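Trainee: One structure coming up, written as C-alpha cells, with questions to follow.
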Amino acid sequence: MKKIFLIGFYGYGNYGDDLLLKSFLQILNEIKFDGIIFLPVENDLEFDEEYIFQIITVSRFNFYEIRKTIKDSDVIMFGGGNLFQSETSYRSFIYYYYIAHLGEKFNKTILLLSQGFGSFKEKRSLQKLKKILSYPKLYANLRDETSYVFATKYNKNISLGVDVGPYPFLNYTYKKTDKISVCLKEEHDLRHLTEFLSTFENYTLSTLVINATQDALKNYELVENIRKETKVFAEFPFKDSHKITKEISQSKIIISDRLHSALTGIFFAGQTITFNNIKNRRVLKNIKEDYNFFYKNTPEIPFIYYDTVSSNYDFKEISDIYRDKLQKTVFDIKTLIQSFL
C-alpha cells in the first residue's frame, strides 16, 4: 500500500491553506489513490467529503513521529503555498526545510506542488532552499514564474502552473448580485475605506475573515463604521469557508488583502483589486500579465477600483484564462503524482 506524507499549513483556520488541502485531497481521490495519506496537523480537522484513501493525522510538532512517518512514506508532498519563506519566520522555514532534508536523507521522492518561494529575510534560508532544489529526486509544479525561473537553475524537473486553490469550484453554480466582498488583513485607515464604500448605497457589504486568528477584529471594526456612518447594509464578518466562497462568488466587487480571496474573486469573474505584496503580484500576474490592480494602502483603493472601471478590464476573460490554466495544471499534477505511485 502506497503512502504519501502531505505537508502544508493546514488546520489553522486559514481559508487559502485549507482550500489547498481540499484541492489536493480531491486530486488524489480523482486519480483513485487508495493508500494512506499522512497529514501533520496541530488541530483536529473535519472533512466534508468521503475519500477512497485513508487519512492518518500526525502530530505536527512531534519530530520523532514526523521522522518515523517520513521514513515510512513513499512520497513527500508539499501541497500548496509559500512554505519556503523566511519573511514571517525563519523558524517556519526551518520546519519545512527539516522535512525536505529528512526526505532526502531517506531517499524519498519529494514533490513541491502549487508552491512559490520567498520572500527571504535570511540569506541562509535561500542557501538552504538551493540545496533542497538540487536534490535529484525532487519534482515541482510551481505557481509563479519567478519561482519557476529560480528553481530551474538547480533542477530540471520543474514545471510552471497556477495556484490550484479554487479547483473544487470548477462546477460551482453562482449568480452575481449587488454585493461587495472585503477581505482585510493589513493595517487600514478605516475612515478612508468607509468613505469609499459609502458610495455603494444599493450594495450589500460582506466582510470575510480569511485568517481566523488575524483578521476578525479589523473586519468587525469596519462593519461597525459602515453601520454608523453610511446607508450601506453590512453583515457581520463571515468565518465559515463555505459562506466565504458563496459571498465571493456572488460579489461584483472584491477588495482583498489576502491571496486566495483574490484568486477566488478572479476565478468567479468579479472586479477584484488586491493588496500589493510580492506573493500576490507574482501569483496573480502569472495568470494574466496585464492584471495590475494592486493597492499599496487604503487611500489607493478607490483609485485602483476606478482603474478597473475606466479601463473596462475584462474580468470574464481573466476568469476563463485562469480556469483553463487551472485545469491544465491539475492534469500535470495528476500525471506527476501517478508516475510515482
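The values are calculated or read from the model by the stated rules, or taken from the named source; none is laboratory data. This one's a predicted model, so the numbers in the text were calculated from it and none came from an experiment. Cβ placement follows ideal geometry from the backbone for every residue including glycine, while neighbour counts extend to all protein chains displayed. Keep in mind that these areas ignore ligands, DNA and RNA; they rest on the heavy atoms of the full protein, side chains included. Shrake-Rupley method; radii C 1.70, N 1.55, O 1.52, S 1.80 Å.
Trainee: What's the total number of residues in the stretch 14-37 that are open to solvent by less than 10 Å² (accessible area, probe 1.4 Å) and not hydrophobic (A, V, I, L, M, F, W, C)?
Mentor: 3
Trainee: Hey, another quick one. Return the pair list, or none, for Cβ contacts closer than 8 Å from residues in the stretch 10-33 that are farther than 22 Å from Ala216 by Cβ and in contact (Cβ under 8 Å) with a residue 60 or more places away in the chain to residues that are polar (S, T, N, Q) and open to solvent by 10 Å² or more (accessible area, probe 1.4 Å), at least 6 apart or on different chains.
Mentor: Listed by first residue and then by second, the contacts come to Ile31/Gln338.
Trainee: Can I ask one more? Looking for something out of contact with any strand residue (DSSP E or B) (no Cβ under 7 Å at 6 or more places or on another chain), in a helix (DSSP H, G or I) and under 24 Å from His260 (Cβ atoms) - is there at least one such residue anywhere in the stretch 123-146?
Mentor: Within the stretch 123-146, one or more residues are out of contact with any strand residue (DSSP E or B) (no Cβ under 7 Å at 6 or more places or on another chain), in a helix (DSSP H, G or I) and under 24 Å from His260 (Cβ atoms).
Trainee: Among the hydrophobic types (A, V, I, L, M, F, W, C), over 30 Å from Leu45 (Cα atoms) and crowded, with 17+ Cβ neighbours inside 10 Å: which single residue out of Leu208, Leu259, Leu284, Leu193 fits that description? Show your work before the answer.
Mentor: Values: Leu208 fails: over 30 Å from Leu45 (Cα atoms); Leu259 fails: over 30 Å from Leu45 (Cα atoms); Leu284 fails: over 30 Å from Leu45 (Cα atoms).
Sole residue among the options that is among the hydrophobic types (A, V, I, L, M, F, W, C), over 30 Å from Leu45 (Cα atoms) and crowded, with 17+ Cβ neighbours inside 10 Å: Leu193.
Trainee: Another question, then. Of the residues Phe47, Phe33, Phe9, only one is outside any helix (DSSP H, G or I), within 23 Å of Lys328 (Cβ to Cβ) and of a type in the set (A, V, I, L, M, F, W, C); which? Step through it out loud before you land on a result.
Mentor: Working: Phe47 fails: within 23 Å of Lys328 (Cβ to Cβ); Phe9 fails: within 23 Å of Lys328 (Cβ to Cβ).
Within the list Phe47, Phe33, Phe9, the selection yields Phe33.
Trainee: Test each condition in (1) assigned to a loop (DSSP other than H, G, I, E, B); (2) modelled with pLDDT under 95; (3) among the charged types (D, E, K, R) for Lys218 and report the one that comes out false.
Mentor: Status for Lys218: all satisfied but (1).
Trainee: If Thr329 meets every condition in (1) under 18 Å from the mean Cα position of the chain (by Cα); (2) over 28 Å from Glu46 (Cβ atoms); (3) among the β-branched types (Val, Ile, Thr); (4) buried (at least 16 other Cβ atoms within 10 Å of the Cβ) apart from one, which number is that one?
Mentor: Status for Thr329: all satisfied but (2).
Trainee: Restricting to the stretch 264-293, name every residue that is within 17 Å of the chain's Cα centre (by Cα), among the aromatic types (Phe, Trp, Tyr) and outside any helix (DSSP H, G or I).
Mentor: Phe268, Phe275
Trainee: Next question. What's the total number of residues in the stretch 157-184 that are open to solvent by 10 Å² or more (accessible area, probe 1.4 Å), of a type in the set (Val, Ile, Thr) and assigned to a loop (DSSP other than H, G, I, E, B)?
Mentor: Summing the residues that are open to solvent by 10 Å² or more (accessible area, probe 1.4 Å), of a type in the set (Val, Ile, Thr) and assigned to a loop (DSSP other than H, G, I, E, B) in the stretch 157-184 gives 1.
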